[in-house]
1. If a residue must be more than 23 Å from Trp169 (Cβ to Cβ), in a helix (DSSP H, G or I) and not hydrophobic (A, V, I, L, M, F, W, C), how many such residues does region 109-150 contain?
2. Could you figure out which of (1) modelled with pLDDT under 90; (2) farther than 24 Å from Trp169 by Cα; (3) assigned to a helix (DSSP H, G or I) isn't true of Pro78?
3. Could you tell me whether Gly233 is in contact with a Cys (Cβ under 6 Å, 6 or more places away or on another chain) and part of a helix (DSSP H, G or I)?
4. Among the residues of region 322-338, how many are of a type in the set (D, E, K, R), more than 15 Å from Leu272 (Cβ to Cβ) and either free of Cβ contacts under 8 Å to residues at least 40 places away in the same chain or not assigned by TED's automatic domain parsing to the domain that holds Trp271 (or both)?
5. Within region 46-60, work out how many residues are outside any helix (DSSP H, G or I) and surrounded by fewer than 24 Cβ atoms within 10 Å (Cβ to Cβ).
6. Run down Val200, Val208, Val165 and say which single residue is part of a helix (DSSP H, G or I), touching a helix residue (DSSP H, G or I) at 6+ places or on another chain (Cβ under 9 Å), within 24 Å of Gln88 (Cβ to Cβ) and not basic (Lys, Arg).
7. Do you know which residues across region 219-263 are surrounded by fewer than 21 Cβ atoms within 10 Å (Cβ to Cβ), free of Cβ contacts under 8 Å to residues at least 24 places away in the same chain and either closer than 30 Å to Val103 by Cα or under 17 Å from the mean Cα position of the chain (by Cα) (or both)?
Amino acid sequence: MDTACPSFRVDSRTCIRCAACATVAPAMFAVGPGPARARRAPATPEELRDCRAAVALCPTQAIVEEPGAAAGQSPEAPSAPSDQLYAQVLRVAEGVRWTVGSVPWERFDLARATTELRAVVRVMAYSEQATFSATQRFMQAFSDDPDFSQWISVWFYEETRHPMVLLRWLALAGEVLDEDFVRRGRVSTPFIKSRAGTLVTNVISEIVAAEAYLRLARAAPEPLLAALASRIGADEGRHAASFYVYARRALEQAGDPERERLDALKVLHFWLDEVQSVSHPVNQTMEALQQLHPPDPELPEFSPPRRRIARVIGWLLGLPLESPEDVGPMLTEHTARVHAAAPRG
């Protein structure tokens with residue numbers, strides 16, 4: 001291995017054990033009872049790419065890239081074939097998954113459950129209901145992919161805990177929402193035809209959701225809500241990494257990978273520059289949360305981590321995207337390349 005190859009370390013003070021790093025780069029990162037840790041330095045360009053993707057995917061930016069000696073060596077985790085990712089993502093998820101029983105419900109402080117906080121939680125709980133219809137669409141669109149379908153069942157289980165605990169918090173605060181609230185929230189938008197584009201949509205939406213929850217966790221004056229938001233944010237960060245590895249596989253197996261990259265770039269462009277045209281439930285939630293922000297200075301600013309999103313999708317697509325400003329020119333360039341390569345009738 002090139003002695004100039006960088007190594008990576010995890011800041012244990014900021015790691016929240018979301019396991020996004022171990023999901024996208026399981027040979028280089030592991031998560032045990034404590035914070036995540038670097039297993040070893042990357043040994044190939046592909047491993048370096050995955051480590052840098054892990055840096056960008058980490059919702060708390062706890063992974064640091066640095067030159068020098070490799071991280072301590074340890075036996076590599078079994079590497080699942082690229083077409084059998086379910087065992088890999090399941091193993092990682094089971095190692096860090098929280099339970100409803102572990103939530104510190106006794107810490108609830110009614111005096112700190114302000115009107116403004118209750119409004120935020122209502123918006124988030126409503127949005128989380130969309131998981132039900134989204135799962136139906138995933139099962140239909142990916143019905144010929146047993147591996148991904150198995151993982152979606154895990155995603156669905158973990159996601160269904162989110163509205164349940166948020167609604168329970170609201171009940172503790174004196175707001176009991178009926179079944180009509182749940183039914184109205186169970187909507188989703190149609191998927192685009194491109195599989196890679198669909199998966200990239202969900203990489204981005206999970207990154208945005210993780211950022212929103214973790215900002216709430218840091219800002220919420222009510223301790224139980226802060227604990228819930230931290231747990232949910234960690235789930236969303238890991239889910240972003242899980243969609244990432246399936247999107248990576250979709251690109252590897254695509255009959256026309258350049259066309260799929262173009263579709264993915266279009267998705268990224270809309271999320272960053274045409275956000276008003278994005279009908280995804282997470283985007284609609286962010287718009288609703290931003291409208292709630294001005295009245296209460298204690299609430300965080302709910303805005304997407306645009307630079308980090310661009311970098312994550314750049315690593316996925318193998319394109320040099322360091323900032324949102326890079327996306328437009330890259331989309332123009334890639335569109336011209338794909339059209340030039342298309343057969344002429």
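The values are calculated or read from the model by the stated rules, or taken from the named source; none is laboratory data. Since the model is a prediction, treat every value here as computed from it, not as a measurement. Please note: Cβ atoms are built from the backbone with ideal geometry, for glycine as well, and neighbour counts cover all protein chains shown.
1. 9
2. Looking at each condition in turn, Pro78 falls short on (3).
3. Taking the combined requirement at face value, the residue does not satisfy it.
4. The initial filter retains those residues of region 322-338 that are of a type in the set (D, E, K, R), namely 322, 325-326, 333, 337.
Those still in the list that are more than 15 Å from Leu272 (Cβ to Cβ) too: 333, 337.
Then keep just the ones that are either free of Cβ contacts under 8 Å to residues at least 40 places away in the same chain or not assigned by TED's automatic domain parsing to the domain that holds Trp271 (or both); that gives 333.
Within region 322-338, residues that are of a type in the set (D, E, K, R), more than 15 Å from Leu272 (Cβ to Cβ) and either free of Cβ contacts under 8 Å to residues at least 40 places away in the same chain or not assigned by TED's automatic domain parsing to the domain that holds Trp271 (or both) number 1.
5. 1
6. Numbers: Val208 fails: within 24 Å of Gln88 (Cβ to Cβ); Val165 fails: within 24 Å of Gln88 (Cβ to Cβ).
Just a single option satisfies the conditions, and that option is Val200.
7. Ala226
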